[in-house]
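Undergrad: The structure under discussion is supplied below as structure tokens; questions concerning it will follow.
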Amino acid sequence: IPSPLELGIARGEIDARLIEPGVPTPTAPDAAAALGVEPGQIIKSLLFTDGDGGVVLAILSGASRVDRARLAATTGHRRLKMAPADVVLARTGYPAGGTPPVGHIEPLPVVLDARVAAMAVVYGGGGRVDSLLEIRPGEILRVTGATVADIADASG
């Protein structure tokens with residue numbers, strides 16, 4: 001059964017390309033090496049929960065860490081913590097570690113880090129542990145209605 005991401009691409013609703021590098025890509029450096037791109041072009045899509053049923057998807061460079069205080073301030077949530085794997089699967093339709101930035105089973109509030117938004121092309125989770133998604137940050141904004149904000153911590 002095709003995923004919402006695969007269907008969206010096939011129907012022309014999402015302008016992106018799925019890539020199967022043929023090697024495991026569990027980390028941003030692994031993914032960058034497999035694709036022959038700069039590590040900074042690898043993005044991660046992390047689901048956070050507020051503990052009251054609210055969630056937000058944060059998208060940032062694989063080399064960066066989320067500043068949860070900035071993310072909370074941007075979204076209006078009081079406290080945010082990483083969503084457990086079962087919540088990630090239930091809310092996005094994809095396993096943690098393979099979550100794509102677009103093509104979820106339900107609309108999610110999305111915050112795109114400003115540094116990622118400024119890039120031409122990025123590579124993120126493709127919905128499965130063995131696939132990656134090539135997409136323009138502008139397409140992530142168009143598809144998700146994301147908010148652009150500086151959510152990476154100062155070291156990243």
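Undergrad: Considering the options 58, 89, 37, tell which one lies farthest towards the positive end of the dipole of region 31-91, charges being +1 on Lys and Arg and -1 on Asp and Glu at the Cβ, about the Cα centre.
TA: The residue sitting farthest along the positive end of the dipole is 58.
Undergrad: Can you tell me the accessible area per residue over region 47-156, all protein chains present, probe 1.4 angstrom, in square angstrom?
TA: In whole numbers, region 47-156 has 45 Å² accessible per residue.
Undergrad: Only bridges with both residues in the chain count here: give the DSSP antiparallel percent, nearest 5.
TA: The antiparallel proportion sits near 70 percent.
Undergrad: Return the single residue from 140, 19, 59 with maximal mean-square fluctuation; model: Gaussian network over the chain, springs between Cα atoms under 10 Å.
TA: 19
Undergrad: Which residue, 27, 112, 131, has the largest displacement toward the positive end of the dipole of the chain when charges sit on each Cβ (Lys, Arg +1; Asp, Glu -1)?
TA: Farthest towards the positive end: 112.
Undergrad: About the Cα centre, and with charges only on the beta carbon of Lys, Arg (+1) and Asp, Glu (-1), how big is the dipole of region 36-81? Nearest 20 debye, please.
TA: Charge dipole, region 36-81, about its Cα centre: 160 debye, nearest 20.
Undergrad: Oh, and also: For region 1-46, what class follows from the C-alpha gyration tensor (a ≥ b ≥ c being the square roots of its eigenvalues): rounded when a/c is under 1.5, otherwise prolate if a/b is larger than b/c, else oblate?
TA: Prolate is the answer for region 1-46, as a/c is 1.5 or above and a/b outweighs b/c.
Undergrad: Okay, moving on. Expressed in nm to one decimal, what extension gain is obtained for the pair residue 106 and residue 33 from 0.36 nm per residue of sequence separation less their Cα-Cα distance?
TA: 23.1 nm
Undergrad: Match the structure shown to one of the listed values (1) 65, 27, 18; (2) 40, 35, 26; (3) 57, 37, 25 of Cα extents along the principal axes in Å, computed from it, and give that label.
TA: Calculated Cα extents along the principal axes in Å: the matching label is (2).
Undergrad: Helix-only estimate, please: 222 nm mean residue ellipticity of the chain, summing -39500 (n - 2.57) across DSSP H runs of length 4 or more and dividing by its residues, to the nearest 500.
TA: My calculation for the chain gives -7000 deg cm²/dmol from helical runs alone.
Undergrad: A further question on this structure: What does the charge add up to near residue 69, with Lys and Arg as +1, Asp and Glu as -1, over the other residues with Cβ less than 15 Å from its Cβ?
TA: Net charge in that neighbourhood comes out at +1.
Undergrad: Once fully extended, how much extra length lies between residue 87 and residue 7, figured as 0.36 nm per residue of separation less the alpha-carbon to alpha-carbon distance?
TA: 26.6 nm
Undergrad: Where does each of 72-79, 60-67 land if you order them by average Cβ count within 10 Å, highest first?
TA: Peptide ranking by packing, descending: 60-67, 72-79.
Undergrad: Quick one: net charge around residue 97, please, counting Lys, Arg +1 and Asp, Glu -1 for every other residue with C-beta under 10 Å from its C-beta.
TA: My count for the surroundings of residue 97 gives +2.
Undergrad: Still on this structure: Quick one: net charge of residue 29's neighbours, Cβ under 14 Å, K/R +1, D/E -1?
TA: -1
Undergrad: Considering only C-alpha atoms, what is the centroid distance from region 1-49 to region 94-109, in Å?
TA: Cα centroid to Cα centroid, the span is 11 Å.
Undergrad: When the accessible area of region 6-112 is computed with all protein chains present and a 1.4 Å probe, what percentage of it is carbon and sulfur?
TA: The value for region 6-112 is 52 percent carbon and sulfur by accessible area.
The values are calculated or read from the model by the stated rules, or taken from the named source; none is laboratory data. What you are looking at is a predicted structure, and each value in this text was computed from that prediction instead of being measured. Reconstructed Cβ throughout: ideal geometry from the backbone, glycine too, with neighbour counts over all protein chains shown. When the accessible area is computed, the model is the full protein with side chains, heavy atoms only, and any ligands, DNA or RNA have been set aside. Shrake-Rupley method; radii C 1.70, N 1.55, O 1.52, S 1.80 Å.
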